[in-house]
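Before any comments, here is the structure.
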Amino acid sequence: MIGYGLCVFSEAGHLKHTNAPFRQWFMMGTYSLVVINAGLCFFGQAIVFRIQYQFRQETRRKLKKMQKEIELALKKKNAAQGGKIV
């Protein structure tokens, strides 16, 4: 979207310098800025989504590792007590 917006912006600039009617190049330029900003917003949201995804992935790995360590410690404690269930 960013590339498309820049292309439309370039075309609006070309229209301005070729003495096209004000309304034509102004509306095209405004449209191009809207498209560029929308593209930047989508790009920013994609970055936020990626960071959140990676953080959640790391958190899940750490929780699984902690759970395995706790289970192992409980098994060792249970074995040390002679197999008694507490």
| note | Here the qualifying pairs (Cβ atoms under 6 Å; residues six or more apart or on different chains; first in the stretch 38-58 and under 21 Å from GLY5 (Cβ atoms); second part of a helix (DSSP H, G or I)) come out as GLY39/ILE2; GLY39/GLY5
| Name the residues in the stretch 31-61 that are surrounded by 11 or more Cβ atoms within 10 Å (Cβ to Cβ) and among the aliphatic types (A, V, I, L, M), would you? | LEU33, VAL34, VAL35, ILE36, ALA38, LEU40
| said: List the residue pairs whose Cβ atoms are under 9 Å apart, where the first residue sits in the stretch 6-22 and is over 18 Å from VAL35 (Cα atoms), the second is of a type in the set (Phe, Trp, Tyr) and surrounded by fewer than 12 Cβ atoms within 10 Å (Cβ to Cβ), and the two are 6 or more positions apart or on different chains. | reply: LYS16/PHE22
| remark: Out of (1) surrounded by 10 or more Cβ atoms within 10 Å (Cβ to Cβ); (2) touching a helix residue (DSSP H, G or I) at 6+ places or on another chain (Cβ under 9 Å); (3) not hydrophobic (A, V, I, L, M, F, W, C), the one PRO21 does not meet is (1)
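Just so you know, all these numbers are worked out from the coordinates, no wet-lab data involved. Note that the structure is predicted; figures quoted are calculated from it, not measured. Counting neighbours? That spans all protein chains shown, and the Cβs are built from the backbone with ideal geometry, glycine included.
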